[in-house]
Amino acid sequence: MTSSIKISPSILSADFSKLGAEIVSLDKAGADYIHVDVMDGHFVPNITIGPEVIKKLRPFTKKTFDVHLMISPVDKYIEQFAEAGADIITFHPEATNNISDTINLIKKQNKKVGISLKPKSSIDLIRDYISKIDLILIMSVEPGFGGQKFMPEVVGKLKEIKKIISEKKLNVDLEIDGGINFENCKLAKEAGANILVSGSTIFKENKGNLKKNISLLRSN
Ligand code: DX5
Ligand code: ZN
């Protein structure tokens, strides 16, 4: 079980003045994926980076770029993010008028499809699409900023989705994002998450010892 856990460090907590070097460090430290938080100042109250930056970062690692789009409307940018080097493209159902169309747009680019649920977003929004996607990203903080406190109330949702995935024997990854630390990572794993996103814990704990922090999140 533990060995199948993947760690996806969020570069939102990295030093933005040297993102390339930070990604190399994460790669060497044993990250499985690189989590890239894309924010537009409209879907969420913060602005981060876009496809042009991702394209520039792509040569620094061969690891999976796990791109979390917090932008709306999302459809018109899918192709650009795919071309920039995203491997997994995750969107929020509230950011599109037609979830099926967005899924198909991502598939047309031969990228893995993820759908993300904010803490208050219901599973009902995505129930019909679970068998058509590769990943479900459960947010355990309100999207927008790193360094927030984990919301334990999302654990129930995590368990419920895990149950659907298991019952239907689907090949869908379950990712948790927001406020993950060395303690609550256990809770998230027990509830069924197999990919853990972490920004603050990985970059700030143990004086920023990335390798130690990644391996603690994996093994705890
Ligand atoms: C929040 C982002 C998260 C966040 C994770 O909108 O989606 O990826 O940066 O950072 P921490 O681990 O600091 O909550
Ligand atoms: Zn994220």
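Of note:
- Unique match (being out of contact with any strand residue (DSSP E or B) (no Cβ under 8 Å at 6 or more places or on another chain) and buried (at least 20 other Cβ atoms within 10 Å of the Cβ)) among Gly156, Gly179: Gly179
- Candidate set from region 14-39 (those that are of a type outside the set (Phe, Trp, Tyr) and touching a Lys or Arg at 6+ places or on another chain (Cβ under 7 Å)); member that is farthest from Thr64 (Cα to Cα): Ala29
- Of all residue pairs spaced 6 or more apart or on separate chains, none has beta-carbon atoms under 6 Å together with a first member in region 130-150 that is of a type in the set (D, E, K, R) and a second member that is part of a loop (DSSP other than H, G, I, E, B) and surrounded by fewer than 16 Cβ atoms within 10 Å (Cβ to Cβ).
- Residues being within 21 Å of Gly192 (Cβ to Cβ) and not hydroxyl-bearing (Ser, Thr, Tyr) - total across region 10-44: 2
Yes/no per residue for (1) modelled with pLDDT of 95 or more; (2) within 16 Å of ligand 2 (Cβ to nearest atom); (3) more than 22 Å from Ser131 (Cβ to Cβ); (4) in contact with a strand residue (DSSP E or B) (Cβ under 9 Å, 6 or more places away or on another chain):
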| site | (1), (2), (3), (4) |
| --- | --- |
| His68 | yes, yes, no, yes |
| Ile71 | yes, yes, yes, yes |
| Ala84 | yes, no, yes, yes |
| Asp87 | yes, yes, no, yes |
| His92 | yes, yes, no, yes |
| Ala95 | yes, yes, no, yes |
| Ile99 | yes, no, no, yes |
| Thr102 | yes, no, no, yes |
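- When Asn171, Asn206 are checked against the criterion of being in a loop (DSSP other than H, G, I, E, B), loosely packed, with under 15 Cβ neighbours inside 10 Å and more than 16 Å from ligand 2 (Cβ to nearest atom), Asn171 stands alone in meeting it.
- Scanning region 108-120 for residues that are surrounded by fewer than 18 Cβ atoms within 10 Å (Cβ to Cβ), over 20 Å from Tyr77 (Cα atoms) and either touching a residue at least 24 places away in the same chain (Cβ under 8 Å) or not charged (D, E, K, R) (or both) turns up just one, Pro119.
- Taking region 141-157 as the range and being near ligand 1 (Cβ under 8 Å from one of its atoms) and among the small types (Gly, Ala, Ser) as the test, the residues that pass are Gly144, Gly146, Gly147.
- Of all residue pairs spaced 6 or more apart or on separate chains, none has beta-carbon atoms under 8 Å together with a first member in region 67-78 that is closer than 14 Å to Ile11 by Cβ and a second member that is more than 16 Å from ligand 2 (Cβ to nearest atom) and not in a helix (DSSP H, G or I).
- Top-ranked residue of region 121-153 - restricted to ones that are of a type in the set (S, T, N, Q) and outside any helix (DSSP H, G or I), ranked as surrounded by the fewest Cβ atoms within 10 Å (Cβ to Cβ): Ser122
- Given (1) more than 28 Å from Tyr129 (Cα to Cα); (2) touching a residue at least 40 places away in the same chain (Cβ under 8 Å); (3) crowded, with 17+ Cβ neighbours inside 10 Å, index of the condition Gly20 fails: (3)
The values are calculated or read from the model by the stated rules, or taken from the named source; none is laboratory data. These numbers come from a predicted model, not from an experiment. Cβ: placed from backbone, ideal geometry, glycine included. Neighbour counts: every protein chain shown.
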